Amino acid sequence: MSLPNINPTNTNAWLNLQKHFSMMENNSIKEMFQKDSTRAEKFHIQWNDFLVDFSKNNITQETLDLLLKLTEEVNLKQAISQYFNGELINQTENRAVLHTALRAPQTATFLVDGTNVMPEIYEVKHNIEKFTHEITSGIRTGFTVKHFTDIVNIGIGGSDLGPAMVVEALQYYKNHLTVHFISNVDGDHVNEIIKKINPETTLFVIVSKTFTTQETLTNSETIRTWFLKSAKQEDVAKHFVAVSTNIQKVTEFGIDVNNIFPMWDWVGGRFSLWSAVGLSISLAVGFDNFDKLLKGANQMDEHFKNESFDKNIPVILALISVWYNNFFGAESEAIIPYTQYLQKLAPYLQQGIMESNGKSIGRDGKPVNYQTGTIIWGEPGTNSQHAFFQLIHQGTKLIPTDFIGFVTPLYGNEDHHDKLMSNFFAQTEALLNGKTSEQVQAEFDKQGMEKSKADYLKPFKVFTGNKPTNTLLIQKLTPENLGSLVAMYEHKIFVQGIIWNIFSYDQWGVELGKQLANSILEEINHKKVAEHDSSTTLLLKHFLNKAN
Ligand code: F6P
């Protein structure tokens, strides 16, 4: 059965939300707090190690009720069961979307074409565990019988961002192996990594779902050529492993068939870190921690699947995001983790969210007449406070922001952590309340500032406040909690895709640039510029002249 095909703007809920918006547009969040001392009590969800406070948003119970009505009218419940039941909801590629199966318990059943995929998943998981043990314990060695010290993950997009984000995030749990990531086809990237590694002690993990990606194949060939300057052809089997669905292409590349970790076409690249794509994660933090990451994601899957929508974290966050995107006209959302460990979360979610929901054709095959995917950006706090927070506080744009913080620090440095978290709490409070002209004047009076100077400076020092935020306060940055957090955003993507009536699991938008790059490469190789627009011709000629 196909996913529901409903233009959200034709629903009653949408029309009612539009009417409701005209009353809420200039509403003050601060006043809602002043009028209702139980507001935070009403608008938060506590689940496992998560406290999700969404009270600092421009919403009322009526807003939520209308948004929840919208989920009924777009048949979200039905869509969720189609998602988890392995129906072909990636319709334009005729595939199921089953990354949730990768983190389900062995006893679960996930059918693809009538076959339960759990035994296959667990066979690969078992191989990941065995391989991780062999490398970390030193049972497997390099071609000069030295222990491995470095891992290089070669992949791009979903074959890079997920493992890179998690390895960085779980650094605290890391073992002795140093993990590097090569993604860009920029030769300088690969050469900078080569400078840091020794061929005798480095294991290369080539990750490519399709094994046709130009960047990954080019980087892998460069690495293999460099490796073979010190080693022999037969040593490749000891140092190169691959993760892919394309077993034939991997063997053609020269990788031993025993060194291939399979994945499946029902796992999208940007949702693949839970599969063997996460091999570098397992190597970096050990299989047990990798498994805990999966368990945490599974717990969020269960919450999403079973919890009523009014208490369902991914659903509520998705609805609030739709509210700002489609009614307030907010174009972007910021994600600000208050931990340096999550510095790669925003780039990771940029692919997850923007590659999934950056679509303008509805599930009816027609252009949509409303906004879809939001622009995602962010950096850890407090660094971001000293970079772009000025714009969030006093700029002209509305930027709904997720603040993610942890109750307990990993190294127990209370002094630092209290300072970090006081900033975390202060920012959402400042964004909510702002600073009135009276408050500014009171500060000037205290300083004894003369009137003309005070009158001049005052407008610059006022903060309007009323800037919406969600606060995710999580107990500790553990593998389980990270798994839950990532799965939470995955399901938020799903809910928004359903509401916007788009297909979230294809990515045709990345194809055109790839095709043109291939034909331009031909022109560069033959030093002959074909017909282009005059700008591209000018640039290509300049490039070729310089290259000559
Ligand atoms: O950017 C397009 C894309 O297809 C992503 O969806 C994917 O994660 C990435 O390229 C890498 O693809 P592959 O794993 O097949 O090399």
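Among the residues of the stretch 147-181, those that are within 19 Å of residue 213 (Cβ to Cβ) and part of a strand (DSSP E or B) comprise 152, 153, 154, 180, 181. Is there a residue being touching a His at 6+ places or on another chain (Cβ under 6 Å) and among the small types (Gly, Ala, Ser) anywhere in the stretch 160-175? No, the stretch 160-175 has no match at all. Filtered by the rule that a residue be within 16 Å of the ligand (Cβ to nearest atom) and in contact (Cβ under 8 Å) with a residue 40 or more places away in the chain, the stretch 217-240 gives 219, 220, 223.
Pairing residues of the stretch 204-216 that are within 15 Å of residue 271 (Cα to Cα) and at pLDDT 95 or above with residues that are more than 6 Å from the ligand (Cβ to nearest atom) and part of a helix (DSSP H, G or I), at Cβ distances under 7 Å and at least 6 apart in sequence or on separate chains, gives 207/277. Counting the residues of the stretch 262-279 that are among the polar types (S, T, N, Q) and assigned to a helix (DSSP H, G or I) gives 0. Among the residues of the stretch 375-391, the one identified as assigned to a strand (DSSP E or B) and either touching a residue at least 60 places away in the same chain (Cβ under 8 Å) or not β-branched (Val, Ile, Thr) (or both) is 377. For the stretch 250-257, the criterion of a residue being under 30 Å from residue 96 (Cβ atoms), within 12 Å of the ligand (Cβ to nearest atom) and assigned to a loop (DSSP other than H, G, I, E, B) is satisfied by no position. Among the residues of the stretch 188-208, just one is polar (S, T, N, Q) and within 16 Å of the ligand (Cβ to nearest atom), namely 208.
Of all residues in the stretch 124-145, none that is outside the structural domain of residue 274 (by TED's automatic domain parsing) has its Cβ atom under 9 Å from the Cβ atom of a residue that is at pLDDT below 95 and in a helix (DSSP H, G or I), 6 or more apart or on another chain. Within the bounds of the stretch 280-294, is there any residue that is surrounded by 24 or more Cβ atoms within 10 Å (Cβ to Cβ), within 16 Å of the ligand (Cβ to nearest atom) and part of a helix (DSSP H, G or I)? Yes, that holds for at least one residue.
Among the residues of the stretch 422-441, what is the count of those that are more than 14 Å from residue 382 (Cβ to Cβ) and small (Gly, Ala, Ser)?
Of all residues in the stretch 422-441, those more than 14 Å from residue 382 (Cβ to Cβ) come to 429, 431-441.
Then drop every residue that is not small (Gly, Ala, Ser), which leaves 434, 437.
Adding up the residues that qualify gives 2.
When the stretch 160-187 is filtered for residues that are within 16 Å of the ligand (Cβ to nearest atom), of a type in the set (S, T, N, Q) and either assigned by TED's automatic domain parsing to the domain that holds residue 410 or touching a helix residue (DSSP H, G or I) at 6+ places or on another chain (Cβ under 6 Å) (or both), nothing remains.
Within the stretch 132-146, does at least one residue satisfy the condition of being of a type in the set (Phe, Trp, Tyr), assigned to a loop (DSSP other than H, G, I, E, B) and surrounded by fewer than 23 Cβ atoms within 10 Å (Cβ to Cβ)? The answer is yes; a qualifying residue exists. Please verify whether the stretch 505-520 includes one or more residues that are more than 30 Å from residue 173 (Cβ to Cβ) and touching a Gly at 6+ places or on another chain (Cβ under 7 Å). Yes, that holds for at least one residue. Summed over the stretch 428-445, residues that are touching a residue at least 40 places away in the same chain (Cβ under 8 Å), in contact with a helix residue (DSSP H, G or I) (Cβ under 8 Å, 6 or more places away or on another chain) and part of a helix (DSSP H, G or I) total 3.
Of the residues making up the stretch 505-548, just one is under 30 Å from residue 491 (Cβ atoms), aliphatic (A, V, I, L, M) and in contact with a helix residue (DSSP H, G or I) (Cβ under 8 Å, 6 or more places away or on another chain), namely 510. For the stretch 30-50, indicate whether the set of residues that are in contact with a strand residue (DSSP E or B) (Cβ under 8 Å, 6 or more places away or on another chain) and charged (D, E, K, R) is non-empty. Within the stretch 30-50, one or more residues are in contact with a strand residue (DSSP E or B) (Cβ under 8 Å, 6 or more places away or on another chain) and charged (D, E, K, R).
Residues in the stretch 412-427: is at least one in contact with a helix residue (DSSP H, G or I) (Cβ under 8 Å, 6 or more places away or on another chain), surrounded by 18 or more Cβ atoms within 10 Å (Cβ to Cβ) and over 30 Å from residue 156 (Cβ atoms)? Steps first, answer last, please.
Taking the stretch 412-427 as the starting set, the residues that turn out to be in contact with a helix residue (DSSP H, G or I) (Cβ under 8 Å, 6 or more places away or on another chain) are 423, 427.
Narrowing the set further to residues that are surrounded by 18 or more Cβ atoms within 10 Å (Cβ to Cβ) leaves 427.
Pick out the ones that are also over 30 Å from residue 156 (Cβ atoms) and you get 427.
Looking for residues that are in contact with a helix residue (DSSP H, G or I) (Cβ under 8 Å, 6 or more places away or on another chain), surrounded by 18 or more Cβ atoms within 10 Å (Cβ to Cβ) and over 30 Å from residue 156 (Cβ atoms), one finds at least one in the stretch 412-427, hence yes.
In this structure, residue 535 qualifies as hydroxyl-bearing (Ser, Thr, Tyr), farther than 24 Å from residue 56 by Cα and surrounded by fewer than 16 Cβ atoms within 10 Å (Cβ to Cβ).
The sole residue among 492, 476 that is under 20 Å from residue 158 (Cα atoms), more than 16 Å from the ligand (Cβ to nearest atom) and either exposed (fewer than 12 other Cβ atoms within 10 Å of the Cβ) or among the charged types (D, E, K, R) (or both) is 492.
Restricting 287, 271, 253 to residues that are in contact (Cβ under 8 Å) with a residue 12 or more places away in the chain and within 20 Å of the chain's Cα centre (by Cα) narrows the list to 271.
Residue-wise test of (1) crowded, with 19+ Cβ neighbours inside 10 Å; (2) in contact (Cβ under 8 Å) with a residue 40 or more places away in the chain; (3) more than 16 Å from the chain's Cα centre (by Cα).
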{"site": "308", "(1), (2), (3)": "no, no, yes"}
{"site": "315", "(1), (2), (3)": "yes, yes, yes"}
{"site": "321", "(1), (2), (3)": "yes, yes, no"}
{"site": "328", "(1), (2), (3)": "no, yes, yes"}
{"site": "335", "(1), (2), (3)": "yes, yes, no"}
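The values are calculated or read from the model by the stated rules, or taken from the named source; none is laboratory data. In this text, all values refer to a predicted model and were calculated from it rather than measured experimentally. All Cβ positions, glycine included, derive from the backbone under ideal geometry; neighbour counts span all protein chains shown.
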